[in-house]
1. Out of L66, L72, L57, I need the residue that is out of contact with any Phe, Trp or Tyr (no Cβ under 9 Å at 6 or more places or on another chain), exposed (fewer than 15 other Cβ atoms within 10 Å of the Cβ) and modelled with pLDDT under 85. Which one?
2. I'd like to verify a number: residues in segment 167-223 that are touching a strand residue (DSSP E or B) at 6+ places or on another chain (Cβ under 8 Å) and not β-branched (V, I, T), how many?
3. Looking at segment 93-126 only, could you name the residues that are closer than 22 Å to L35 by Cβ and outside any helix (DSSP H, G or I)?
4. Would you check which residues across segment 73-84 are in a helix (DSSP H, G or I) and more than 22 Å from the chain's Cα centre (by Cα) and list them?
5. Does N138 fit the bill of being at pLDDT below 85 and within 27 Å of N90 (Cβ to Cβ)?
6. If I ask for residues that are at pLDDT below 70 and either among the basic types (K, R) or farther than 17 Å from V67 by Cα (or both), which ones from segment 1-19 would you list?
7. Can you list the strands (runs of 3 or more DSSP E) found entirely within segment 127-191 that contain at least 3 residues being without any contact (Cβ under 8 Å) to a residue 12 or more places away in the chain and in contact with a Lys or Arg (Cβ under 8 Å, 6 or more places away or on another chain)?
Amino acid sequence: MIISFIRTILLYIFIILAVRLMGKRQISELQTSELVVTLLISDIAAIPMQNSGLPLLSGLIPIMVLVACEILISVIMLKSTKFRRFICGNPVILINNGKLDQKQMKNLRMSIEDLEEELRQMDVSSVSDIAFAIVETNGKISIIKKPEKQQPDTSMLNIQAPDNGIETVVVRDGELSDFCIKLCGLTKEWIYGVLKKQNVNIKEVFIMTANKNKDFNIIKKEV
């Protein structure tokens, strides 16, 4: 029982390191080769977890080989457009200049209900609002609205929008985030100064957000 527990923990840590090694994109949106590697890793890792009689290396070595293959394929795809197209395919245009391509929808086995569902998730109420819709190689749909359906931005309205930068969580559960502090161009001294003025101890802070203009918001922990 203890051996199985230890083997599972070791495999769990190893898989996390393997996925991190393959890159950020592996965690979010998968290309074809990445999806295949992810599925294979999960299946291979399950075998030594369930069968303690097998050597642990019988699971680790195939995973390392798959990770190495995926990294190699990624490097080749960066160098060769043709190879990338062979592995990942090409984007597919579903709507071109406002015209729906029914043939491509049949090729993708996508119904109009499927398309409308995707559009609703992007806050688009009607297919008629779309100028271009493209199915990317990772399966996501990118859209460009018709000019009359696009929301005006500040440049169209001749308005100068304030630049507040990015608002980040500089204190989380009583601990400072060095990365977020640097991201919004602040310092630890400034944060401690704000907390002192507010008569708040950092250990009492659940979340503190701030931006480069030094606008901040503090939420205390509930007692």
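1. On inspection, the qualifying residue turns out to be L57.
2. Qualifying residue count for the region: 23.
3. Once the filter is applied, which keeps residues that are closer than 22 Å to L35 by Cβ and outside any helix (DSSP H, G or I), segment 93-126 yields L94, L108, R109, M110.
4. Those that are in a helix (DSSP H, G or I) and more than 22 Å from the chain's Cα centre (by Cα): I76, K79, T81, K82, F83.
5. yes
6. M1, S4
7. none
The values are calculated or read from the model by the stated rules, or taken from the named source; none is laboratory data. Bear in mind that the values here come from a model prediction, so they are computed numbers and not experimental data. Here the Cβ is made from the backbone with ideal geometry for all residues, glycine too, and neighbour counts use every protein chain on show.
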